[in-house]
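Quick notes on the structure that follows.
The values are calculated or read from the model by the stated rules, or taken from the named source; none is laboratory data. Keep in mind the model is a prediction, meaning the values are calculated, not measured. Neighbour counts run over all protein chains shown; Cβ positions are idealised from the backbone, glycine included. Each accessible area value is taken on the protein alone, full model and side chains, heavy atoms only, with ligands, DNA and RNA left out. Shrake-Rupley method; radii C 1.70, N 1.55, O 1.52, S 1.80 Å.
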Amino acid sequence: MILIFGAGFRMASGDGATPWRGLPRSFVAGLHERSVLVASDGDVRCLQIDLAPPGARRLFGVDQDALCNRVVDLADLIGTEAERLADRLAGAADWPAQFGLVEAWLAVRLAAAPTLPPEIGAA
């Protein structure tokens with residue numbers, strides 16, 4: 001997950017089969033079978049959060065097949081909460097404040113998320 005609160009990114013497939021497309025807002029990239037190229041569109045300010053598949057499932061409430069080989073706008077997964085989080089990060093005074101905001105947001109989301117069935121955790 002990349003939380004963007006500055007200029008966005010652009011991405012294309014590493015093999016050139018997929019043309020460049022804009023990623024102006026926060027997004028989630030699922031596990032990919034092939035490489036992608038990423039470029040910035042200016043003064044990028046962002047936080048990257050690497051999630052294990054079970055954590056992503058709990059955080060977003062979707063199975064991994066919904067994210068596999070895809071880059072999904074965070075708002076498509078969590079609605080207007082994505083923009084509110086980006087606005088709060090942009091207004092934070094410094095990196096420690098931004099990390100604190102993200103940690104608190106993650107804690108609230110995960111506390112409200114259903115636990116995973118044991119067979120998913122075992123897989």
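For the subset of the stretch 1-54 comprising residues that are small (Gly, Ala, Ser) and free of Cβ contacts under 8 Å to residues at least 24 places away in the same chain, which member is nearest to Asp87 (Cα to Cα)?
In the first step, residues of the stretch 1-54 are kept if they are small (Gly, Ala, Ser); the result is 6-8, 12-14, 16-17, 22, 26, 29-30, 35, 39-40, 42, 52.
Of the ones still in play, those that are also free of Cβ contacts under 8 Å to residues at least 24 places away in the same chain are 14, 16-17, 22, 35, 52.
Details: Gly14: 31, Gly16: 33, Ala17: 34, Gly22: 19, Ser35: 30, Ala52: 26 Å.
Among residues in the stretch 1-54 that are small (Gly, Ala, Ser) and free of Cβ contacts under 8 Å to residues at least 24 places away in the same chain, the one nearest to Asp87 (Cα to Cα) is Gly22.
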| request: Considering each residue of the stretch 14-48, count those that are part of a loop (DSSP other than H, G, I, E, B), surrounded by 10 or more Cβ atoms within 10 Å (Cβ to Cβ) and not polar (S, T, N, Q), and give that number. | output: 11
| request: Could you identify the single residue in Leu51, Leu116, Leu59 that is surrounded by 11 or more Cβ atoms within 10 Å (Cβ to Cβ), over 14 Å from Ser26 (Cβ atoms) and at pLDDT below 95? | output: Leu116
| Based on what the data block shows, is Asp76 open to solvent by 70 Å² or more (accessible area, probe 1.4 Å), outside any loop (DSSP other than H, G, I, E, B) and in contact (Cβ under 8 Å) with a residue 60 or more places away in the chain? | no
| message | Pairs please, first residue from the stretch 108-121 and within 10 Å of Arg57 (Cα to Cα), second anywhere and open to solvent by less than 60 Å² (accessible area, probe 1.4 Å), Cβ atoms under 6 Å, 6+ apart in sequence or on different chains. | response | Leu116/Pro54
| Near pairs, Cβ below 9 angstrom, 6+ apart or cross-chain, from the stretch 82-97 (acidic (Asp, Glu)) to any residue that is open to solvent by 50 Å² or more (accessible area, probe 1.4 Å) | Glu83/Arg25
| task | Name every residue in the stretch 90-113 that is assigned to a helix (DSSP H, G or I), touching a Lys or Arg at 6+ places or on another chain (Cβ under 8 Å) and open to solvent by less than 40 Å² (accessible area, probe 1.4 Å), in order of residue number. | result | Leu101
